[in-house]
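Data first, discussion second: the structure below is written as structure tokens.
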Amino acid sequence: MFILGGTSAASLAAALSHSLNQPLVKTTFKRFPDDEFYVRIEEPIEGQDVLIVQTAYPDSKIIELLIMQDAVCEAGAKRISVILPYFGYSRQDKKFEDGEAISARAIAEHISIHADEVITVDPHKERILDFFTTPARSCSAVPQIAEYLKGKDIDLVLAPDMGAKDRAEQAAALIGCVSDYLEKTRIDGATVKIHPKSLDVQGKTVAIVDDIISTGGTMATSVKELRHQGAKKVYVACTHGLFAGQAKERLTAAGVDEIIATDTIESEFSKVSVAPCLAPLLVHLA
Ligand code: R5P
């Protein structure tokens, strides 16, 4: 098997190459003067299984993925597995209003064209896997996030909304503490309202766990509420750290003690690797 690490997941591809003991395929990437993407596979992969690792975010990385898939197919790979550490557009998984696109389906269908299987990490909703027209699976980074938080004397794991409740419960069980959830109403893309809920957080260390931090609005509002209720320390942890716009500044201003994300999207907050979650799903190819 060969592993092709795209430009949005080079470190994760290297980590998978190491843990599966399989080589990275030599590849040239460049951009033409007009910014169009170019890829060339630099060694024979005919008849081989190839694993392409590329986070599908932002938009330019989706185009890169489609072009890499085409190159691998043209080079005669026997089987193409696509690892999407983060699947962008997964939150637009239905029409919320008439006239909208089902963006997650549109992207999934295109990725499926040259993929024998797709594997992603903590999709926003599991049902988006059904949008792929090729077999699709997911794994969870929660055990790795919980492992990181174990050293932080966490008293309570909180979900910022009902949708993240199961994730918080799972993390709390692994850490060995209790969990609860907040109630959130989204006002617009960057603003949320957290309904104050009386929590016993006075003098406690709390970790808020979610799948995505985008604008940081959800986490920043939650951190403020917990600080208001007397929490001693507040950690925020997510699988996919998009950190759009002023997210880091918003979180810092809200009084967060530490921001933790995984390497599905590489950033200064990628303190947890998802390689150990993905590797067991790939050993059959090694
Ligand atoms: C929403 O349902 C997700 O689980 C996240 O809570 C959301 O995407 C976070 O977005 P933001 O950081 O912009 O509040």
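The values are calculated or read from the model by the stated rules, or taken from the named source; none is laboratory data. Computed from a predicted model, the values in this text were never measured in an experiment. Here Cβ is always computed from backbone atoms with ideal geometry, including for glycine, and neighbour counts include all displayed protein chains. Note: areas computed on protein heavy atoms with side chains; ligands, DNA, RNA excluded. Shrake-Rupley method; radii C 1.70, N 1.55, O 1.52, S 1.80 Å.
If I ask for residues that are in a helix (DSSP H, G or I) and either within 16 Å of the ligand (Cβ to nearest atom) or not assigned by TED's automatic domain parsing to the domain that holds Gly76 (or both), which ones from the range 89-133 would you list?
Ser103, Ala104, Glu126, Arg127, Ile128
Here is a check on your reading of the model: is Ala172 modelled with pLDDT of 95 or more, within 22 Å of Phe243 (Cα to Cα) and either touching a His at 6+ places or on another chain (Cβ under 6 Å) or outside the structural domain of Gln92 (by TED's automatic domain parsing) (or both)?
Against the criterion (modelled with pLDDT of 95 or more, within 22 Å of Phe243 (Cα to Cα) and either touching a His at 6+ places or on another chain (Cβ under 6 Å) or outside the structural domain of Gln92 (by TED's automatic domain parsing) (or both)), Ala172 does not qualify.
Hey, any hits in the range 45-62 for a residue that's within 24 Å of Gly241 (Cβ to Cβ), of a type in the set (Asp, Glu) and either without any contact (Cβ under 8 Å) to a residue 60 or more places away in the chain or not assigned by TED's automatic domain parsing to the domain that holds Ile212 (or both)?
Looking through the range 45-62, at least one residue is within 24 Å of Gly241 (Cβ to Cβ), of a type in the set (Asp, Glu) and either without any contact (Cβ under 8 Å) to a residue 60 or more places away in the chain or not assigned by TED's automatic domain parsing to the domain that holds Ile212 (or both).
Tally up the residues in the range 225-243 that are within 14 Å of the ligand (Cβ to nearest atom), in a loop (DSSP other than H, G, I, E, B) and either under 18 Å from Leu158 (Cβ atoms) or open to solvent by 30 Å² or more (accessible area, probe 1.4 Å) (or both), please.
1
Picking from Asp161, Asp180, Asp155, Asp210, which residue would you name as being within 21 Å of Phe87 (Cβ to Cβ), out of contact with any helix residue (DSSP H, G or I) (no Cβ under 6 Å at 6 or more places or on another chain), free of Cβ contacts under 8 Å to residues at least 60 places away in the same chain and among the acidic types (Asp, Glu)?
Asp161
Every residue, every condition in (1) aliphatic (A, V, I, L, M); (2) at pLDDT 95 or above; (3) within 16 Å of the ligand (Cβ to nearest atom), yes or no:
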| residue | (1), (2), (3) |
| --- | --- |
| Ser140 | no, yes, yes |
| Lys150 | no, yes, no |
| Asp153 | no, yes, no |
| Gly189 | no, no, yes |
| Lys197 | no, no, no |
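With the condition kept exactly as written, say whether any residue in the range 41-56 is surrounded by fewer than 24 Cβ atoms within 10 Å (Cβ to Cβ), within 25 Å of Asp263 (Cα to Cα) and out of contact with any Lys or Arg (no Cβ under 9 Å at 6 or more places or on another chain).
no
Mind checking whether some residue in the range 244-264 is under 26 Å from Ser138 (Cα atoms), within 10 Å of the ligand (Cβ to nearest atom) and of a type outside the set (Gly, Ala, Ser)?
So far as the range 244-264 goes, no, none of its residues is under 26 Å from Ser138 (Cα atoms), within 10 Å of the ligand (Cβ to nearest atom) and of a type outside the set (Gly, Ala, Ser).
Please count how many residues of the range 134-191 are surrounded by fewer than 18 Cβ atoms within 10 Å (Cβ to Cβ), part of a strand (DSSP E or B) and among the charged types (D, E, K, R).
Selection size over the range 134-191: 5.
Assigned to a loop (DSSP other than H, G, I, E, B), open to solvent by 30 Å² or more (accessible area, probe 1.4 Å) and either over 24 Å from Ile265 (Cβ atoms) or modelled with pLDDT of 95 or more (or both): is that true of Lys30 in this structure?
No; evaluated as a whole, the condition is false for this residue.
Would you tally the residues in the range 192-220 being of a type in the set (Ser, Thr, Tyr), surrounded by fewer than 20 Cβ atoms within 10 Å (Cβ to Cβ) and touching a strand residue (DSSP E or B) at 6+ places or on another chain (Cβ under 7 Å)?
Matching residues across the range 192-220 total 1.
Got a sec? Which of Ile45, Ile52, Ile63, Ile67 is closer than 18 Å to Gln22 by Cβ and not in a loop (DSSP other than H, G, I, E, B)?
Ile52
Yes/no matrix, rows are residues, columns are (1) over 17 Å from the mean Cα position of the chain (by Cα); (2) closer than 30 Å to Met68 by Cα; (3) among the aromatic types (Phe, Trp, Tyr):
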{"site": "Ile113", "(1), (2), (3)": "yes, yes, no"}
{"site": "Asp122", "(1), (2), (3)": "no, yes, no"}
{"site": "Ser138", "(1), (2), (3)": "no, yes, no"}
{"site": "Ala164", "(1), (2), (3)": "no, no, no"}
{"site": "Gly176", "(1), (2), (3)": "yes, no, no"}
{"site": "Lys184", "(1), (2), (3)": "yes, no, no"}
